[in-house]
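This report concerns only the one structure given below.
The values are calculated or read from the model by the stated rules, or taken from the named source; none is laboratory data. Worth saying up front: this structure is predicted, and the values here are computed from it rather than measured. Note that each Cβ is placed from the backbone with ideal geometry, even for glycine, and that neighbours are counted across all protein chains shown. Please note that ligands, DNA and RNA were not included when accessible areas were found on the heavy atoms of the full protein model with its side chains. Shrake-Rupley method; radii C 1.70, N 1.55, O 1.52, S 1.80 Å.
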Amino acid sequence: MSSIRILIADDYEGWRRKIRLLLQVRPEYQVVAEASDGSEAVQKAQELKPDLILLDIGLPKLNGIEAAQLIRQLSPSSKILVLSQNHDLDVVRAALSASARGYVLKADARSELLPAMDAVLGGKQFLSNSLKGHEFVDTSGEKAPHRRHEVLFYSDDAVLLDGFARFIADALKAGNAAIVLATKSHRDSLLQRLKALGVDTVDVLQQGTYVPLDAVDTLSTIMVNGVPDPVLFFAGIGGFIEAAAKAAKSEQPQVVVFGEAVALLQAEGKADAAIRFEQLGNDLVKAHDVDILCAYPSSSFQDEEDENVFQSICAEHSAVYSH
């Protein structure tokens, strides 16, 4: 009987040991590696291309949903089975939308882990009995619609700043959070417009619900060999999103992100890097409860050779606006 190569990703060593013991009854199951955080899980998945990954949700560095998004790209043949104590239905949906084929609660692992592994390896979806009866996306079919990732092509700074100031102000007044990834001049102008719209900017800055980030500095932390690195992208920007969501005051906190880092890449002639950044943004909205609005000056696409780039950027967004 051919062996089935397994990667176990969990930050608790005692739990990884328990899984190994459960798998001993099936000699074809070969644990080829363990990982204690999400970044390590992605790295080992890329290196080893295991048949099955048993993945916890509450991992440090990258959470399980973020890790699953990256693993789907770097090792698409690896099947993912989430093994977690988190029974929040939205988390389950997010995990399944991130390409996990099954979700087993740790409390049910003794009776359900082996049947779940058999189902997932056989191309079927598996959910713990206590999760059945709820509606979840079937990962063998259509994925659930994700949140907004939209783009604005603007004619001048006034159009950009007025539109996004209203967008951000509405989010903050509703008790949600906003992250601005922009140049210094645009961050300063947005802050003034938010004040004019009645936002207590001192309060939201202190609370951590308004997070202004320098686009140039942020790019310098996530770029490797001229393109955004997926692990650094999720660890960096994903970390800011999680912190902002915790600071938000609404019952179901959401985060909105205004970003022009992609416009800086395009302006530097790095169209491939900008498109890759947009693709990672699509993965980000599947891993987090976040809406993203990107912005490019229309003047960046004046030449005929820019048309293919323009179309590629539009294709990565759920809506396209031009003003």
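Structure summary
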read-out: Cα long-axis angle, helix 157-173 against the chain (0 to 90 degrees, to the nearest 10); value: 50
read-out: Ellipsoid equivalent to the range 144-254 - semi-axes via the Cα gyration tensor, in Å; value: 23, 19, 14
read-out: Accessible area in square angstrom per residue, the chain, 1.4 angstrom probe; value: 45
read-out: Kirkwood hydrodynamic radius (C-alpha pairs) into Stokes-Einstein, the range 180-322, 4 °C and 1.567 mPa s, D in µm²/s; value: 81
read-out: Shape of the range 12-68, Cα gyration tensor, a/c cut at 1.5; value: oblate
read-out: The chain - Debye-derived log10 I(q)/I(0), Cα point model, q = 0.07, 0.10, 0.12, 0.14 Å⁻¹; value: -0.32, -0.62, -0.85, -1.06
read-out: Ratio of Rg to Rh over the range 210-275 (Cα coordinates, Kirkwood Rh, two decimals); value: 1.03
read-out: DSSP-assigned coil residues among GluC sites (Glu not before Pro) in the range 170-274, each with at most 10 further Cβ atoms within 10 Å; value: Glu251
read-out: Histogram of C-alpha separations across the range 8-117, 10 Å bin width, %; value: 16, 53, 30, 1
read-out: For the chain: relative contact order, % (alpha-carbon pairs under 8 angstrom, 6 or more apart); value: 16
read-out: Apportionment of accessible area to carbon and sulfur, the chain, percent (1.4 Å); value: 49
read-out: Centroid-to-centroid separation of the range 1-67 and the range 214-287 [C-alpha atoms, Å]; value: 27
read-out: Extension reserve of the Leu48-Glu304 stretch, reckoned as 0.36 nm per residue once the Cα distance is removed; value: 87.8 nm
